[in-house]
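The values are calculated or read from the model by the stated rules, or taken from the named source; none is laboratory data. Computed from a predicted model, the values in this text were never measured in an experiment. Cβ: placed from backbone, ideal geometry, glycine included. Neighbour counts: every protein chain shown. Protein only, heavy atoms only, side chains kept; ligands, DNA and RNA dropped before computing areas. Shrake-Rupley method; radii C 1.70, N 1.55, O 1.52, S 1.80 Å.
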2 protein chains.
Amino acid sequence: MNQFAMLHITDSEYCFPVSENEIVIRLRAAKNDLVKVWIIYESKYQIGISQQKKLMEKELSGTMFDYYAIRLNLTDTRLAYVFYVFDGKDYYYFSEDGATKEYDFKKGYYNFFQYPYINRADIADRVEWLTNAFFYQIFIDRFCIGDAYKDMDYINLRWGDIPNPKSFAGGDLKGILNKVDYIHKLGFNALYLTPIFKSISNHKYDIIDYFEIDRHFGTKEDLKKLVKTLHEKGMKIVLDAVFNHVSELNTMFADVVKKGRQSPYHDYFVIRGDYPTKDPLNYEVFASCDYMPKWNTSNKKVQDYLISIAKYYIEEFDIDGWRLDVSDEISHDFWRRFRKEIKSVKKDAAIIGENWHNASNYLKGDQYDSIMNYAFTKAALDYFAYDKMDAEAVSNKLNDILARNSDTVNDMMMNLLDSHDTDRFFSEVHKDKIKLKAALCLLYLFPGSPSVFYGTENYTEGGYDPDCRRCMDWDKASSKDNDIIPLLQKLSEIRNKCRFVFEGTRIYSSEDKKLLCMERHGEKSCAKLLINMTNEPGMDESIPVEARSFRLFVDGGSVI
Amino acid sequence: MNQFAMLHITDSEYCFPVSENEIVIRLRAAKNDLVKVWIIYESKYQIGISQQKKLMEKELSGTMFDYYAIRLNLTDTRLAYVFYVFDGKDYYYFSEDGATKEYDFKKGYYNFFQYPYINRADIADRVEWLTNAFFYQIFIDRFCIGDAYKDMDYINLRWGDIPNPKSFAGGDLKGILNKVDYIHKLGFNALYLTPIFKSISNHKYDIIDYFEIDRHFGTKEDLKKLVKTLHEKGMKIVLDAVFNHVSELNTMFADVVKKGRQSPYHDYFVIRGDYPTKDPLNYEVFASCDYMPKWNTSNKKVQDYLISIAKYYIEEFDIDGWRLDVSDEISHDFWRRFRKEIKSVKKDAAIIGENWHNASNYLKGDQYDSIMNYAFTKAALDYFAYDKMDAEAVSNKLNDILARNSDTVNDMMMNLLDSHDTDRFFSEVHKDKIKLKAALCLLYLFPGSPSVFYGTENYTEGGYDPDCRRCMDWDKASSKDNDIIPLLQKLSEIRNKCRFVFEGTRIYSSEDKKLLCMERHGEKSCAKLLINMTNEPGMDESIPVEARSFRLFVDGGSVI
């Protein structure tokens, strides 16, 4: 047995309650190292006297590690446990003190693993709609001009021309409203909009006033109407909360610029000195942008202010959640309070962080529900675009990504191929339509919720920001030749039918190593996706897949 | 390189800020596997362009793993980093994606490790007094009778007789007050008292009324006087917060027994049914004690109530902190709120959990400051008492224990050899005086604060509860032959002189494998402890230590 590979961390993605009497336990071991894995468990007050023993299943198989798992249904939730493993030759116990040939249950209270008690307050809640959401992400200025009567003087980009960082093309909320039917027909049931608040930029990540809708985008009435229209269709809407930083034109920061330490807002920011200065830069900012001072979210008054904004749009406009910009640079302390307050006004409001890295410490049920899953993006790029991973490598990697979080969180992850912050996926795969389509299948079948960036459905190209934020080509979107739209429709139909859950998900490569394979299980139906990105035919369990193609089956029947 | 052994977890004991611009980074690797370890780092917005590189030191060396560490002083705290290691043959990068021969810093934003930003609110504060506290733990009923005028009718144990679970010997707060000088002379600067609140038991862990001092123990005036006297001597006092459960005689539970679901307190407990019943037991309790119903600490009103108690004794009596009984069975959510509220009334109040197991998830600065370190207890027993570990094994184990938590937390750990919940250490080592003395040296030199159970200083014996709770033998304590008291005095003197910090601590076994060795560093002075529990002479760096003995040096000079 490879003892170095064995890992279990209590009260983490290796050990998490899923209800008041159910808990999932995982154990990491070296890949293909163990033959059998059991959990030996009992109430912590009983385990010195008697124990139960259950076989664990290999749930995930990553690059270097296998992950065994079991869901225990408990009468007494004060759980004590050790693992018992067989490597084909020897048996070992595995406890807080590592692997041993013997284990003294009578002294177990010193070194068994434990989940001491399932407290209701510590269970990560499942936002049901988020587990079956299909997000359509819109960069508003480039999507659709809906208000024909507004002052168009600010527009400096002819619709369809390539944007620069200062381009304004004129998209607005009314434009989105006009396209709700279109979006809905594509199978989407949720919108994620980049920021809509008062700002001088086209992207509006430098907000001047959070309580105003930017006049280029419309009015509060427009937002109300949009939310109402979406809800009537059973659709959800998530807005972008830019709470890490603000525009220097914000009145509070302007007050500090004017009055320095005399301003009541001096401690709302992180300023080393009486007055903020740009040269040398003596205050914290977003990235290196001196026009975006960072909020001091350790300050309770700042917390009060930002949370009042988040609650306002839920209470007054009935939005369904927030995507949190640069959320990893804000304190856990803030997000814990944020969650409590947001959930108190709308229990199933979605809280989705922008953490590009492993965010398990934000995803234990006390902070966010979900993140934008850029680890998935990277794996998809390495496989489809960069040839850095073959089917075997990417299937391992996808397993490792799933091992980062609990089942509950995996089912709520916001998975994406691209966004306003990356190159367009279609450009990354050098305009290979099969690759984009195969990747979309992977996106829709992967545990969590797919998020599709506007324009993906008409093969929109583009490099890094601002090129990825081109104007929507409505002619191409409505073209009869469009073959992405039927695919998206089919994929959401399949998911709606199957209603997958994380349990039983299997991602692997075929025996001939050519195919990336994924099996998902729902309450009634199952699906299987086979992707072959090699130049030769491949096969999985006697199902052939041609070179550079993919196949999708539901309940054994081929649907694509 | 043993890739399976490599472990780094961001935002954990492997990566924690210690001030607003300092962070400690650790990397785990297989023991003796690596030759050199560097960290390559930069602001996350810069690392694609330029990087800094620093050598890491081997800080701890455990049973199977080495732990490399570095303390970085940052200008920009938005830290991105990867490790770079040399195993004597090859060089590897180690990132979120594991070990690789190449690393693309330009795409690092997908998979570098990061601490995204040091927010003030997320830094674990150091309670300064707790890093140099010497606790004397008192089980009150058995310590000293001080109030000669009280009603003694409840006393059913003659002082010095062996107690049973229902024994009352008569110890009280006035008794402790009478002995403050004695305790202070022994070198202790802090008291930890088991519960003092109204209860029918001798241990008082089944509390009827938290707002009353038990009449057997004294009055609120007695507590006030005790705290005042201690504070005048520069001593601290920590009380026992039993917030997991309560006595069934508590008026709120009694109300539920009477009125069932009609009681406003029904949801203060966890009851499956309208009324609590004992047969079958339909409500949650402590262990299997039906007379100790468990509080529902997920209920905000219960939180309010318990926190009001904790604040009351700080605000009204000026106590210095709380030891939290059965704290691991209470929710993280409760402890997070508890900490905020307690620290708001007394910033340096100590919060010490009773978690017998790895508690790193409670020790990130948002819940407790410290725990009773029973992992240390177990290691000491395995080495001194049970012969389960030799010097090499125990030194490895002690390193592993230190690797569980941050430097900050290690300096505040409440270390102990025994308590009211274990057999007496002196009995565990079969009354071997040398072993007890050597273990006390280890206890005092180990990072954190020593906690000594009353009576240790006069070789009190005893098995498991209630036998470990025998009456204090005051004759033996004042005997001129007592050789433990001078040792305790010496040890606290040394610690006060040296003022150790975690950094630079070295625990290892001598080359001949006979000695357990520990080096500690303070601002001005250093200490070195050598323990030989074998039957042969041993030697470390030319310092000989006789069989079954120990030696202690300060700044190179032998003091014991």
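Things worth noting here:
- Residues being in contact with a helix residue (DSSP H, G or I) (Cβ under 8 Å, 6 or more places away or on another chain), among the hydroxyl-bearing types (S, T, Y) and not in a loop (DSSP other than H, G, I, E, B) - total across the stretch A:117-164: 1
- Cβ pairs under 9 Å, 6+ apart, first in the stretch B:541-557 and among the acidic types (D, E), second modelled with pLDDT under 95 and loosely packed, with under 12 Cβ neighbours inside 10 Å: B:D555/B:K524
- Looking only at residues in the stretch A:330-355 that are crowded, with 24+ Cβ neighbours inside 10 Å and within 13 Å of chain B (Cβ to nearest Cβ), the one that is farthest from A:L306 (Cα to Cα) is A:N355.
- Evaluation of B:Y103 against the conditions (1) under 29 Å from the mean Cα position of the chain (by Cα); (2) in a loop (DSSP other than H, G, I, E, B) shows that the sole unmet condition is (1).
- Verdict on B:N132 being more than 13 Å from chain A (Cβ to nearest Cβ), of a type in the set (S, T, N, Q), within 30 Å of the chain's Cα centre (by Cα) and open to solvent by 10 Å² or more (accessible area, probe 1.4 Å): yes
- The stretch A:108-129: number of residues that are within 8 Å of another protein chain (Cβ to nearest Cβ) and of a type in the set (D, E, K, R): 2
- In the stretch B:461-505, of all residues being within 21 Å of the chain's Cα centre (by Cα) and among the aromatic types (F, W, Y), the one that is modelled with the highest pLDDT corresponds to B:Y464.
- Close contacts from the stretch A:385-401, counting a first residue that is farther than 16 Å from A:K514 by Cβ and a second that is at pLDDT 95 or above and of a type in the set (A, V, I, L, M), with Cβ to Cβ under 6 Å and a gap of 6+ residues or different chains, come to A:A385/A:V429; A:K397/A:A379; A:L398/A:A379; A:L398/A:I507; A:N399/A:L60; A:N399/A:I507; A:I401/A:A375.
- Residue among B:Y91, B:Y117 that is assigned by TED's automatic domain parsing to the domain that holds B:S43, hydroxyl-bearing (S, T, Y) and surrounded by 20 or more Cβ atoms within 10 Å (Cβ to Cβ): B:Y117
- If you go through the stretch A:92-105 and keep only what is more than 7 Å from chain B (Cβ to nearest Cβ) and at pLDDT 95 or above, you end up with A:Y92, A:Y93, A:F94, A:S95, A:A99, A:T100, A:K101, A:E102, A:Y103, A:D104, A:F105.
- The number of residues in the stretch B:47-79 that are closer than 23 Å to B:T408 by Cβ and within 13 Å of another protein chain (Cβ to nearest Cβ) comes to 9.
- For the stretch A:157-188, filtered to residues that are β-branched (V, I, T) and closer than 25 Å to A:P486 by Cβ, the residue that is surrounded by the fewest Cβ atoms within 10 Å (Cβ to Cβ) is A:V180.
- For B:S298: the one exception among (1) surrounded by 19 or more Cβ atoms within 10 Å (Cβ to Cβ); (2) under 15 Å from B:P195 (Cβ atoms): (2)
- Against the numbered list (1) within 18 Å of the chain's Cα centre (by Cα); (2) touching a residue at least 60 places away in the same chain (Cβ under 8 Å); (3) open to solvent by 30 Å² or more (accessible area, probe 1.4 Å), A:D421 comes up short only at (2).
- Which listed residue is assigned by TED's automatic domain parsing to the domain that holds A:I484 and farther than 26 Å from B:G108 by Cβ, from A:D400, A:D366: A:D366
- B:Y149 meets the conditions (1) modelled with pLDDT under 95; (2) at the interface with chain A (Cβ under 9 Å from one of its Cβ atoms) in every case but one. The failed one is (2).
- For the stretch A:1-41, the set of residues classified as crowded, with 22+ Cβ neighbours inside 10 Å, within 13 Å of another protein chain (Cβ to nearest Cβ) and not in a loop (DSSP other than H, G, I, E, B) consists of A:F16, A:P17, A:A29, listed by residue number.
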